[in-house]
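Remarks on the structure that follows.
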Amino acid sequence: MQENMEHLIELPQDRTQERLHVALAYFVDYMERPRDASEVLKDRQQAVPVEMLPMLL
């Protein structure tokens, strides 16, 4: 095994990039959290617009 492991993720040096990474981490945490029953019941299936369907002919 290699004793001196390199970092795979470089920390941002720019303040704007740092804020972007924090916002992205928050969004990912939000999307991966378990949803409660009231949120699941609010989900409704919707038809896909015809423009998004591939041509079948």
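The values are calculated or read from the model by the stated rules, or taken from the named source; none is laboratory data. In this text, all values refer to a predicted model and were calculated from it rather than measured experimentally. Counting neighbours? That spans all protein chains shown, and the Cβs are built from the backbone with ideal geometry, glycine included.
Here are a few things to note about the model shown:
- Residue count, segment 17-39 (criterion: modelled with pLDDT under 85 and either in a loop (DSSP other than H, G, I, E, B) or among the hydroxyl-bearing types (Ser, Thr, Tyr) (or both)): 1
- In segment 16-40, the residues that are surrounded by 10 or more Cβ atoms within 10 Å (Cβ to Cβ) never reach a residue that is in a helix (DSSP H, G or I) with C-beta atoms less than 7 angstrom apart, at least six apart or across chains.
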